[in-house]
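All remarks here apply to the structure that follows.
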Amino acid sequence: MNPHPNFESASLPIREGAWCWGRESKLEVSALCSMAAKALLALFDGTEMLFSRRLTLRGREFRREPVSPERTVVALLGLHRLAGSGQRQPFDLPSIETAVFQDKRWVKGIGDLGILVQFAAEYSPDRFTSLADSFDFAKALEIFPDGREAHTAALSCFLAGISHAKLSCPDALPDLTDVAVETYRLLEDNQGVGGIFAHAGLPGLFHQPFSSRFGTIADQMHAIYALARFARAFEIEEPLADALNCANAIRALQGDKGQWWFLYDKRSSRVVNLYPVFSIYQNGIAPMALLELAEATGQNFDDAIWSGLSWVAGANELGVDLRDRLHGTIWDSIEPNSRFSSFCENALNLMQHSGRSRIENLRIRFEARPDHFGWLLYALTGFEGKAMAAKAVKAG
């Protein structure tokens, strides 16, 4: 295994219409998953047995950042799901898992803890003893800053982790029903009547006035996934209504090219900032959340999911396929050209509710992250077959 592929060129092949997934062909999702697994090779540090935080292209040079245990856990989730489907993956997963769990000081919030619990519940239940010894789950919302400040994405990851544990290993941890319900209530408080979640809820946060009104796409999608999983694990219907309220709101706001926009207003249920649009949501976290909700409710979000996938495949505002097969990676996002132009557009969008951005002010962010590829594999492994089966049932 070579963790440092030889990138011969820094040029990005631009081929309009290439691999553009149509409604009938439904794209080759298995090929996309293979690309994600191979892209992780360039991000892997074979000495520390962890994935680096990100890989960045600057000019013709690639730079790899130090390792990130939290992003490695997400990569492991995806790689285990890929391996469980019978497909090949190029890593020694037990060694990477050992590196993640041997020193858990990297867990700085309930979001980190939630993803670690989710991984243990699905793929390493024998790790629960060490988790129970290391963390006070009942008081986690008080101990960690993101719990005290009621960050929506962090609350969601924590609730999802508890729910996975409840479903997979109900006796592995102390009864967490009370803390799960408390987490759910905090999430409820962050949601507007139109379905949009604010970024955070409780006083004391430095940017509290902004954070208690506006929420990112991460807040929306992680909340949808957590609420659907929580409803299933604890056999209650109420969270599904909250999840559907959010999912229907953001689906109505999805861009005409499948974009899951960046920032939303809880009060008006409008998009207040379009960019950056991240690939991790287009073909990772959004499909994960919407497929989970679809399974729980019977509602179908396939068109929204396929539209988001097509955006990555070149049906976007720049006409560029972000799946760079020359370098074997999928680029991070489309973003404003500069922070200043982004700031100006944010201000105008907030005043005018326009949410518009000029194409000439946009560029590709040439970065790659292991959590992107982890969520992609976790969400889409096996999805192509499920979609074909669902289509056959509908036709019959």
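The values are calculated or read from the model by the stated rules, or taken from the named source; none is laboratory data. This structure is a prediction, so every number in the text was calculated from the model and none was measured. So basically every Cβ, Gly included, is an ideal-geometry build from the backbone, and we count neighbours across all protein chains shown. Side chains are part of the model used for accessible areas, which takes the heavy atoms of the whole protein and leaves out ligands, DNA and RNA. Shrake-Rupley method; radii C 1.70, N 1.55, O 1.52, S 1.80 Å.
Contact list please: Cβ distance under 8 Å, first residue in the stretch 237-255 and open to solvent by 60 Å² or more (accessible area, probe 1.4 Å), second residue assigned to a helix (DSSP H, G or I), pairs at least six apart or on different chains.
Close Cβ pairs satisfying both conditions: Glu237/Ala231; Glu238/Ala231; Arg251/Ala304.
Among helices (runs of 4 or more DSSP H) lying entirely in the stretch 63-140, which contain 1 or more residues that are under 21 Å from the mean Cα position of the chain (by Cα)?
69-84, 93-102, 110-123
Mind listing whichever residues of the stretch 188-204 are surrounded by fewer than 19 Cβ atoms within 10 Å (Cβ to Cβ) and at pLDDT below 95?
Just the residues of the stretch 188-204 that are surrounded by fewer than 19 Cβ atoms within 10 Å (Cβ to Cβ), to begin with: 188-189, 193-194, 202-204.
Matches in the stretch 188-204: Leu202, Pro203, Gly204.
Which one of Thr129, Thr98 is of a type in the set (S, T, N, Q), more than 27 Å from Phe44 (Cβ to Cβ) and surrounded by fewer than 16 Cβ atoms within 10 Å (Cβ to Cβ)? Explain how you work it out, then say what you get.
Numbers: Thr98 fails: more than 27 Å from Phe44 (Cβ to Cβ).
Going through Thr129, Thr98 in turn, the sole match is Thr129.
Can you find, within the stretch 362-396, the residue that is modelled with the lowest pLDDT among those that are under 19 Å from Ser279 (Cα atoms) and open to solvent by 20 Å² or more (accessible area, probe 1.4 Å)?
Looking at residues that are under 19 Å from Ser279 (Cα atoms) and open to solvent by 20 Å² or more (accessible area, probe 1.4 Å), I get Glu384.
Which condition number in (1) at positive phi; (2) surrounded by fewer than 22 Cβ atoms within 10 Å (Cβ to Cβ); (3) not aromatic (Phe, Trp, Tyr) is the one that Gly258 fails?
Status for Gly258: all satisfied but (2).
Collect the residues in the stretch 268-304 that are free of Cβ contacts under 8 Å to residues at least 60 places away in the same chain and open to solvent by less than 20 Å² (accessible area, probe 1.4 Å), keeping them in residue-number order.
Those that are free of Cβ contacts under 8 Å to residues at least 60 places away in the same chain and open to solvent by less than 20 Å² (accessible area, probe 1.4 Å): Val277, Gln282, Phe301, Ala304.
Pairs only if they're at least six apart or on different chains, beta carbon under 6 angstrom, first in the stretch 178-192 and touching a residue at least 24 places away in the same chain (Cβ under 8 Å), second basic (Lys, Arg) and open to solvent by 30 Å² or more (accessible area, probe 1.4 Å); list them, first residue then second.
From the stretch 178-192, the pairs are Gly192/Lys266.
Suppose the filter is open to solvent by less than 20 Å² (accessible area, probe 1.4 Å), within 24 Å of Trp261 (Cβ to Cβ) and in a loop (DSSP other than H, G, I, E, B); does Ala223 pass it?
In short, no.
Within the set of pairs 6+ apart or on separate chains, which have a first residue in the stretch 153-175 that is within 19 Å of Tyr281 (Cβ to Cβ) and open to solvent by 20 Å² or more (accessible area, probe 1.4 Å), a second that is of a type in the set (Asp, Glu) and assigned to a helix (DSSP H, G or I), and C-beta atoms under 7 Å apart?
Short answer, once both residue conditions are applied: Ala153/Asp219.
Kindly provide the set of residues from the stretch 26-53 that are in a loop (DSSP other than H, G, I, E, B), of a type outside the set (A, V, I, L, M, F, W, C) and open to solvent by less than 50 Å² (accessible area, probe 1.4 Å), ordered by number.
Within the stretch 26-53, Lys26, Gly46 qualify.
Listed here are the residues, each with its yes/no results for (1) at pLDDT 95 or above; (2) more than 21 Å from Leu82 (Cβ to Cβ).
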site	(1), (2)
Trp261	yes, yes
Ser279	yes, no
Ile285	yes, no
Ala304	yes, yes
Ser357	no, yes
